[in-house]
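Provided herewith is a single structure, encoded as C-alpha cells, for subsequent inquiry.
Rule-based calculations on the coordinates, nothing more; no lab input. Since the model is a prediction, treat every value here as computed from it, not as a measurement. Neighbour counts run over all protein chains shown; Cβ positions are idealised from the backbone, glycine included.
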Amino acid sequence: MISHKEISNKEVIQEVFSLINEYKDLNAFITLNEENSIKKAEELDNNPSDLPLAGIPIAQKDLFCTEGLRTTCGSNILNNFIPPYSATVIENLENAGCISVGKTNMDEFAMGSSNETSFFGNVKNPWGKDLVPGGSSGGAASAVAAGLVPAATGTDTGGSIRQPASLCGITGIKPTYGRVSRWGMIAFASSLDQAGPMARTAEDCAFLLNEMCSHDEKDTTSLDNDIPDFEENLNSSLKEKKIGIVKDLDLSSLNNDVVETYQNSLKEFESMGAQLIDISLPNISLSVPTYYVVAPAECSSNLSRFDGVKFGMRSEDAKDLEELYVKTRSEGFGDEVKRRILIGSYVLSAGYYDAYYKKAQQVRRLIKNDFDNAFKTIDVIMTPTTRGPAFKIGSKGDDPIQMYLEDLFTISANLAGLPAMSLPNGNIENKPIGLQIIGNFLDESTILNFAHMFQNETNWHMYTPEGIKQ
Amino acid sequence: MSWETVIGLEIHVQLSTKSKLFSGGSTEFGAESNTHVDLIDMGLPGVLPVANKEAFYKAIRFGLATGANINQTSSFDRKNYFYPDLPKGYQITQMTQPIVEKGSIKIAVDDYEKEINITRAHLEEDAGKSIHDMFEGETGVDLNRAGTPLLEIVSEPEISSAKEAVAYFKAIRQLVTFLDICDGNMAQGSMRCDVNVSIKKSDDKELGTRAELKNINSFKFIEKAINFEIDRQIRLIENGECVVQETRLYDSEKNETRSMRSKEEANDYRYFPCPDLLPVIISDKELKEIKENLPELPEEKEIRYINEIGLDESEAKIISSSKTMANMFEAASSKTDDAKLVAKWLVGDISALLNKDNIDIDESNLSAENFGILIERISDGTISGKIAKSVLEEVWETASDVDEIIQSKGLVQIQDESILEDIAKKVIESNPNQVSAYKAGKDKLFGFFVGQIMKETQGKANPKAVNEILKDLLQ
C-alpha cells in the first residue's frame with residue numbers, strides 16, 4: 001500500500017484531513033476523528049510499529065459502532081448516538097495499525113443505491129458533481145475514488161460495496177457471509193449483511209481483508225473456517241481456469257457500451273489462458289423480488305429497537321407512549337426506511353407470511369442450489385456489476401423499482417452468501433464502470449486472484465477523475 | 001345439563017442459570033435497577049445474541065423428567081411487538097422448533113390422580129420491568145430482568161377445575177425445584193402463569209371460546225381467578241350472551257377479572273426465524289450426559305425412603321414432596337445413624353414450626369448440620385426428647401449452635417444413677433403422705449414422684465433411669 005518511509009505518520013494523517021477539507025463538497029464524511037487520529041499517528045512516530053497496516057488511514061462506514069465516536073447510520077434517529085463499544089471489524093483493523101480518520105456518509109440504514117437517502121445529504125461522485133456515487137457505501141467509494149483515503153470499509157447487503165465501487169471506479173469485495181463478524185455492525189438485513197474492504201486495487205483489498213476477517217464468538221453466524229492469507233494466491237496463473245458466463249442473464253436491455261466493456265474484459269481473461277463456460281442459473285431472475293421480501297422483513301424487525309426509549313433521538317412533544325413511538329419513528333426515519341419497514345411488516349403479517357416470506361426463503365434456497373451446481377464445473381462467475389455507469393442525482397428519485405433494479409446483478413451473491421467483488425473494467429463517457437466476479441463459498445482467494453491478474457494487465461483501476469489530485 | 005370447564009396453563013419458569021439467555025449479564029434477583037444489564041440486554045445497535053447452552057441443558061432436564069421428546073435441533077424465532085421494557089422491539093423465543101415437545105406430568109387432587117399432557121416447553125427471553133409508581137407522571141424501565149431465560153411450559157387443555165390447575169402448577173413447581181432448574185420462588189416472580197379458560201356443555205364436542213388470564217403468580221390467585229372466570233362465563237351464556245376471545249387481567253384486590261384487550265386489538269407478532277442465531281444442536285453425547293446426571297425425582301425418593309430407610313409411607317411422602325425438606329432429611333441423616341428419628345422430627349415438630357411461621361425450611365434458622373447434631377444428641381442420650389424440643393425452639397429463634405445451647409444452659413441429661421438415687425430418696429423422705437397412699441395402691445402417684453425428680457433436676461434426669469430407681473425405692 002502506501003510506503004511512508006520518507007514522511008512521518010503524522011504528516012500523512014494531516015494530509016488526509018487537508019484533502020478531506022478541500023473536497024468537503026463531496027460530502028463523503030458524516031463525522032471526522034481528527035484529534036484522535038493525529039494523536040495515534042504521533043504515537044506511531046514515537047514508537048514505530050511493525051503491525052501489518054501500521055499508520056494506514058482508513059475511512060469507516062458510519063454503520064460500524066465506534067466507541068466514543070458518533071455513529072449515525074445515515075439516520076436522524078441516531079443523530080446523537082455515541083456507542084459505548086466498537087465493532088469487531090473496527091477493532092480488528094485498529095489492532096492491525098489502521099487509523100480510523102472518520103465515518104463515511106451512506107444511505108440511511110444502508111437502504112439505497114445512490115446515497116440519496118442519507119439524512120446528512122447526498123454524496124457526490126468525484127467523476128462528476130451531478131452524479132451519484134452509488135450506495136449504500138457511497139461515502140466510502142467517493143472518498144477512495146477522490147484519493148482522500150487509500151482504504152475504506154463498506155457493507156454489502158444487496159450490492160452496497162460493489163455497486164458504488166463500480167460507479168466510482170474503485171475495487172471492493174464482499175466476502176462470504178460469515179467471514180467478517182457482524183458484531184457492532186448496525187443491522188439492516190442480518191442474513192445478508194456482510195462487511196468488506198474498498199480500495200483502489202484488488203491487492204489492497206487482500207491486505208485489508210486479511211485483517212478484517214476473524215472468527216468471532218460474539219457473532220454465532222461468524223464462520224469458524226480457516227482464514228487463508230489472501231495475498232498468497234494473487235499472482236497464480238489463470239491458465240485452464242474456468243469462468244462461468246450466465247446465459248440466463250439478459251444483457252440486451254443494457255447499453256451497448258456496457259456490454260462491449262464486459263465482453264472486452266472477458267477477452268482479456270481468455271488471453272490470460274482462462275476459459276469461458278456457459279452456465280445456467282435458472283432462478284436468478286427471481287433474485288430481486290426475493291431480496292425485496294427477505295431484506296425488508298428482517299429490517300422491519302431489526303429497526304424496532306429505534307423507539308425513542310433508550311438511545312438515539314426521541315420526539316419532544318409526545319403525550320403518551322403510543323405517540324412517543326409514532327412521532328419518534330415518523331421524525332427519525334426517512335421515506336425509504338419507512339417504505340421498507342412497511343413492506344417488511346406486511347410480508348411477515350399473519351395470513352401473508354406463507355405467501356411472501358416463506359416463499360421467498362424457498363426461492364432463496366433454489367438460487368443457492370443453482371450456484372452450488374454451477375460451481376461444480378467453474379472457478380468464478382462474471383457479470384457486469386451494474387446496468388450502467390453513474391446516473392444523475394435525482395434522476396431516479398420517484399421510482400423505487402428503478403432504483404431496486406440497480407442491484408439486479410449483485411443481489412444473488414448476497415442471497416446465496418457467496419463472495420463477490422467489483423473492479424473497474426472500463427470508462428463510458430468518462431464515467432467508470434465495473435466488472436463483477438462471484439466466487440465459490442469461502443473462495444475469496446480465487447476472485448482476488450482473477451482481479452489482481454486483470455489489474456496487472458490493464459490500467460482501468462489507475463484512472464482518476466479530472467481535477468482530483470493523486 | 002351441566003357445564004364442563006376446560007383449562008390450559010402456560011407456565012413461565014425462570015431458569016436458574018448464572019447468566020442470561022443471550023448475554024453474559026447476571027440473572028441475580030434484587031440488584032439495583034439497571035445494574036445487571038450489558039450491551040446485549042439493552043438491545044444497543046449492532047449487538048448480537050449468543051445462546052446460553054446452560055439454559056438448554058436445564059430445559060432438557062425438564063423434558064427428560066416429563067418423558068418428553070427432546071428436539072436435538074431447535075431454533076429461535078422473533079416475536080415482534082413494541083413495549084418500553086422490551087429493548088429490541090422483539091422477543092427471541094422458540095416458535096417453530098421448541099427444545100421440548102410432548103411430555104406429561106402426574107397430578108394429585110384430593111382423592112384422585114390424573115395425567116396432564118404437556119404440549120411443549122420452549123426457551124425464550126424475559127422482558128424487563130416497567131415501573132409506574134416511582135416517578136411522578138413518568139414510567140421507569142428496569143432492564144435487570146431483560147434476557148433472563150424462561151422455559152415456557154404449555155399444557156394441553158386437559159385441566160378440568162381450578163383445583164386441578166393448582167395441583168398442576170404445584171406439580172410443575174415441585175419438579176423444577178427438584179431438577180434444580182428454577183428456585184420456584186413465586187414471590188420473586190420465578191414462576192408466573194397465564195391461564196386459558198373456557199366452558200362447554202358436557203356433551204358438546206367443540207371447545208368454547210376461551211379467555212386468557214394473564215400473569216398470575218400465586219396458587220391462591222390461580223384458584224380464585226379461575227373460579228371467578230368460570231362463573232362469569234356461565235352467567236354470560238345463561239343470559240344468552242357470548243364469551244369473547246380476549247385477554248383478561250386478574251385483580252386480586254377486587255377478586256375479579258377484567259378485559260385487557262380483545263382479539264381484534266391483539267398484536268400481530270409477525271413471527272419469523274431469528275436471522276442472528278443458528279439452530280442450536282444438542283449432540284448425543286450431551287444428551288446422554290444430562291440423562292445420566294438427572295437428579296433423583298420425588299417419586300424415586302419416596303420409594304427409596306420406604307424401601308431402604310424404612311420410613312412410613314406417609315413420612316416418606318411428606319419429606320419427598322419438597323426439595324428443601326428432602327435435602328434437610330438427607331443432610332441430617334448423614335450425621336446420625338437414626339434416620340427414622342430424623343424423619344419423625346421433620347414430620348412432627350419441625351413441620352409444626354414451619355406451619356406456624358408459614359415459611360419454607362430453607363428460610364428457617366435451622367441448618368441441616370445443626371439439625372443433625374440435635375438428632376445425634378438425642379440418640380446418644382446427652383439430652384432427652386423433651387429438652388431437645390426446647391433446644392429446637394431456641395435454634396429456631398436464634399440460629400445458635402445446638403451443642404453451645406446444651407453446654408451454656410447445662411442441659412446435659414443426668415445419667416449417673418447414684419446422683420439420681422440421692423435425689424429420689426430426698427423426694428420420698430419429704431413426701432411421706434404420698435408414699436403411704438402409693439403403697440396403699442394409688443398407682444397413679446408414681447407420676448407425681450417422677451415429676452418431683454424432674455423438677456429437682458430441671459428436667460435433665462434420664463427418664464428411663466428415674467423410672468427404674470423409683471420402682472426399686474418404692475417397693
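Can you say what percent of the DSSP beta bridges in the protein assembly as shown, counting only those with both residues inside, are antiparallel? Round to 5.
Within the protein assembly as shown, antiparallel bridges account for around 80 percent of the total.
My understanding is that a pair violates if its Cα-Cα distance is over 31 Å; which of A:359/B:129; B:114/B:386; B:114/B:205 do that in this structure?
Going by Cα-Cα distance, A:359/B:129; B:114/B:386 fall outside the 31 Å limit.
Right, next: Per residue, how much space in cubic angstrom lies within the convex hull of the C-alpha atoms of the protein assembly as shown?
Cα-based convex hull of the protein assembly as shown, divided per residue, equals 242 Å³.
Modelling each spin label as a point 7 Å along the Cα-to-Cβ direction, I'd like the residue A:401/residue B:351 distance in nm, to one decimal.
7.8
Could you work out how much longer the chain between residue B:379 and residue B:204 gets when fully extended? Use 0.36 nm per residue separation minus the Cα distance between them, nm to one decimal.
Result: 56.7 nm gained on full extension.
Right, something else. Calculated FRET efficiency, residue B:300 and residue B:104, Cβ-Cβ r, R0 22 Å, to nearest 0.05?
0.85
On average, how many beta carbons from a partner chain sit within 10 Å of the beta carbon of a residue in B:47-59?
3
Let me ask you something else. Work out from phi, with θ = phi - 60° and the Karplus expression 6.51 cos²θ - 1.76 cosθ + 1.60, the ³J(HN,Hα) of each residue of segment B:75-83, listed in order in whole Hz, and give x for Gly and Pro.
After applying 6.51 cos²θ - 1.76 cosθ + 1.60, I find 9, 10, 10, 9, 10, 9, 6, 9, 7 Hz.
Among A:328, A:414, A:346, whose Cα projects farthest towards the positive end of the dipole of segment A:322-470, with charges put on the beta-carbon of Lys, Arg (+1) and Asp, Glu (-1)?
Result: A:346, furthest along the dipole toward the positive end.
Using per-residue counts of other Cβ atoms within 10 Å, averaged over each peptide, order B:199-210, B:182-193 from highest down.
Top to bottom by mean Cβ count within 10 Å: B:182-193, B:199-210.
Separate question: Cut-off is 10 Å between beta-carbons; in what order do A:215, B:122, A:452 appear when sorted fewest neighbours first?
Fewest-to-most Cβ neighbours within 10 Å comes out as A:215, A:452, B:122.
Okay, next question. Among B:427, B:463, B:441, which residue has its Cα furthest toward the positive end of the charge dipole of segment B:417-473, with +1 on Lys/Arg Cβ and -1 on Asp/Glu Cβ?
So the residue furthest toward the plus end is B:441.
Using Cα pairs under 8 angstrom and six or more residues apart, how large is the relative contact order of chain B, in percent?
13
While we're on this one: Once you charge only the Cβ atoms, +1 for Lys and Arg and -1 for Asp and Glu, what is the size of the charge dipole of chain B about its Cα centre, to the nearest 20 debye?
560
Between residue B:285 and residue A:250, what is the label-point separation in nm under the 7 Å Cα-to-beta-carbon projection?
With each label point 7 Å from Cα toward Cβ, the separation is 5.5 nm.
Other chains near A:188-200: what is the mean number of their Cβ atoms within 10 Å of each residue's Cβ?
Averaged over the peptide's residues, the number is 1.
Another question, then. Per DSSP helix of 4 or more residues, -39500 (n - 2.57); summed, then divided by the residues of chain B. What does that give at 222 nm, rounded to the nearest 500?
Result for chain B, helices only: -11500 deg cm²/dmol.
May I pose another question? Give the order of A:293, A:12 when sorted by the count of other beta carbons within 10 angstrom, beginning with the fewest.
A:12, A:293
Oh, and also: Could you state the number of Å between the C-alpha centres of segment B:221-239 and segment B:424-453?
If we compute the Cα centre of each part, the gap is 68 Å.
With each pseudo-label sitting 7 Å past Cα toward Cβ, what's the residue A:79-residue A:361 distance in nm, one decimal?
Roughly 3.8 nm, to one decimal.
Positive end of the dipole of the protein assembly as shown, charges at C-beta (+1 Lys, Arg; -1 Asp, Glu), about the Cα centre: which of A:451, B:202, B:359 has its Cα farthest in that direction?
Working it through, the farthest residue towards the positive pole turns out to be B:202.
Let me have the 222 nm mean residue ellipticity of chain A computed from DSSP H runs of 4+ only, each contributing -39500 (n - 2.57), with the sum over all residues rounded to the nearest 500.
About -10500 deg cm²/dmol.
Among A:365-371, B:226-232, what's the highest-first ranking by average C-beta atoms within 10 angstrom per residue?
For the peptides A:365-371, B:226-232, the packing ranking is B:226-232, A:365-371.
Evaluate the charge dipole of segment B:296-408 about its Cα centre and quote only its size in Debye, nearest 20, assuming +1 on the Cβ of each Lys and Arg and -1 on the Cβ of each Asp and Glu.
Here the size comes out at about 280 debye.
While we're looking at this one, here's another question. Which log10 I(q)/I(0) values, to two decimals, does segment B:398-440 give at q = 0.13, 0.30, 0.34 Å⁻¹ under the Debye formula with one point per Cα?
-0.51, -0.96, -1.04
Can you put B:438, B:90 in order of Cβ neighbours within 10 angstrom, beginning with the fewest?
Result, fewest neighbours first: B:438, B:90.
Expressed in nm to one decimal, what extension gain is obtained for the pair residue B:111 and residue B:404 from 0.36 nm per residue of sequence separation less their Cα-Cα distance?
So the extension gain works out to 100.9 nm.
Could you rank the peptides B:273-285, B:397-409, B:128-140 by their average count of other C-beta atoms within 10 Å per residue, with the highest value first?
B:273-285, B:397-409, B:128-140
Residue B:133 to residue B:245: FRET efficiency via 1/(1 + (r/R0)^6), r the Cβ-Cβ distance, R0 35 Å, to the nearest 0.05?
About 0.65, to the nearest 0.05.
Nearest 20 debye, what's the magnitude of the dipole of the protein assembly as shown about its Cα centre given +1 on Lys and Arg Cβ and -1 on Asp and Glu Cβ?
I would put it at about 1260 debye.
Dividing the Cα radius of gyration by the Kirkwood radius, what Rg/Rh value follows for segment A:29-171?
Here Rg/Rh amounts to 0.98.
Let me know the volume per residue of the alpha-carbon convex hull for chain A, in Å³.
That works out to 140 Å³ per residue.
Moving to a separate point now. Please work out the Cα center distance from segment B:98-148 to segment A:183-256, rounded to the nearest Å.
44
Can you classify segment B:417-473 as rounded, prolate or oblate using the Cα gyration tensor, where a ≥ b ≥ c are the square roots of its eigenvalues, rounded means a/c under 1.5, and otherwise it's prolate if a/b beats b/c and oblate if not?
Note, shape of segment B:417-473 comes out prolate.
In segment A:177-277, how many lysine pairs have Cα atoms under 19 Å apart, counting only pairs 8 or more places apart or on different chains?
So the count of such lysine pairs works out to 4.
Among all the aspartates and glutamates, which ones have a C-alpha under 12 Å from residue B:201's C-alpha, if same-chain residues fewer than 8 places away are not counted?
Partners within reach: B:4, B:238.
Relative to the longest principal Cα axis of chain B, at what angle does helix B:368-379 sit, 0 to 90 degrees, rounded to 10?
Value to nearest ten degrees: 30.
While we're here: When Cβ neighbours within 10 Å are restricted to other protein chains, what is their mean count per residue of peptide A:302-314?
Shielding by partners across A:302-314 averages 5.
What is the ratio of the Cα radius of gyration of segment B:296-408 to 2.2 N^0.38 Å, with N the residue count, to two decimals?
Rg over 2.2 N^0.38 Å, computed on Cα atoms: 1.01.
Here's a follow-up. Give the cross-link partners of residue B:291 among the lysines, using a straight C-alpha distance below 22 Å as the criterion and excluding same-chain residues fewer than 8 apart.
Excluding near neighbours in sequence, the set is B:18, B:53, B:58, B:102, B:106, B:301, B:323.
Using θ = phi - 60° and the Karplus relation 6.51 cos²θ - 1.76 cosθ + 1.60, list the HN-Hα couplings for segment A:355-361 in order, rounded to whole Hz, with x at every Gly or Pro.
6, 10, 4, 5, 4, 4, 5
Please find the FRET efficiency linking residue B:437 to residue B:415, where r is the Cβ-Cβ separation and R0 is fixed at 41 Å, and quote it to the nearest 0.05.
My answer for the efficiency is 0.85.
Where a ≥ b ≥ c are the square roots of the eigenvalues of the C-alpha gyration tensor, would you call segment A:396-458 rounded, which needs a/c under 1.5, or, failing that, prolate if a/b is larger than b/c, or oblate?
Oblate is the answer for segment A:396-458, as a/c is 1.5 or above yet b/c matches or exceeds a/b.
Let me ask you something else. On a C-alpha basis, how far is the centre of segment A:434-462 from the centre of segment B:1-80 in Å? Whole number, if you could?
Computed from Cα coordinates, the inter-centre distance equals 47 Å.
What list of ³J(HN,Hα) values in whole Hz, one per residue of segment B:341-350 in order, does the Karplus curve 6.51 cos²θ - 1.76 cosθ + 1.60 (θ = phi - 60°) give from phi, with Gly and Pro shown as x?
5, 4, 4, 4, 5, 5, 6, x, 4, 5
Let me know the number of lysine pairs in segment B:417-473 closer than 20 Å at the Cα, not counting same-chain pairs under 8 apart.
21
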